[in-house]
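Shown next, in structure tokens, is the structure this report addresses.
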Amino acid sequence: MVLALAMAVVLLLFFLLSGDSDNSTVSWTGKNGVVEIFDGDKLGRRYLGIESLATVKHVQDGLETTVQRGQGYLDANLNFRVDPDEKKVYFEISEFTNYIFFEQPDITDQ
């Protein structure tokens, strides 16, 4: 009973201290997703092996922002392969970023 009351107080404090906020999430799940981020008309970064990409809307103090969040392998040399020195990273994409997201077909099955 005391633990439940303590948890309720913690949750209440969290919501009170976070200000006027409303969060929502929409996710894509699949396998072998690819995100390509562009700098003008040039490819700037590529992430491979993405299993999910979440669209997160955050509203605080009346201001709404949207970001895409995911995890994938940064294809540092843009060779469309995960090389041994390329690690899985967390990334966020702002709503003002030019990017495309697609599921990479497994061409070895054909």
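The values are calculated or read from the model by the stated rules, or taken from the named source; none is laboratory data. Given the structure is predicted, the values throughout are model-derived calculations rather than measurements. Cβ placement follows ideal geometry from the backbone for every residue including glycine, while neighbour counts extend to all protein chains displayed.
Whether any residue in the range 66-83 is of a type outside the set (Asp, Glu), in contact with a Ser or Thr (Cβ under 8 Å, 6 or more places away or on another chain) and more than 13 Å from Val35 (Cβ to Cβ) is what I want to check.
Yes, because at least one residue in the range 66-83 is of a type outside the set (Asp, Glu), in contact with a Ser or Thr (Cβ under 8 Å, 6 or more places away or on another chain) and more than 13 Å from Val35 (Cβ to Cβ).
How many residues, within the range 41-64, are in contact (Cβ under 8 Å) with a residue 40 or more places away in the chain and over 21 Å from Gln104 (Cα atoms)?
3
Out of all the residues in the range 67-110, which are touching a Lys or Arg at 6+ places or on another chain (Cβ under 7 Å), at pLDDT below 95 and acidic (Asp, Glu)?
Hit for the range 67-110 is Glu92, nothing else.
What strands (runs of 3 or more DSSP E), lying completely within the range 34-110, carry at least 2 residues that are of a type in the set (Gly, Ala, Ser), in contact with a Leu (Cβ under 9 Å, 6 or more places away or on another chain) and surrounded by 14 or more Cβ atoms within 10 Å (Cβ to Cβ)? Steps first, please.
On the way: elements: 42-60, 63-74, 88-94, 99-103.
So the answer is 63-74.
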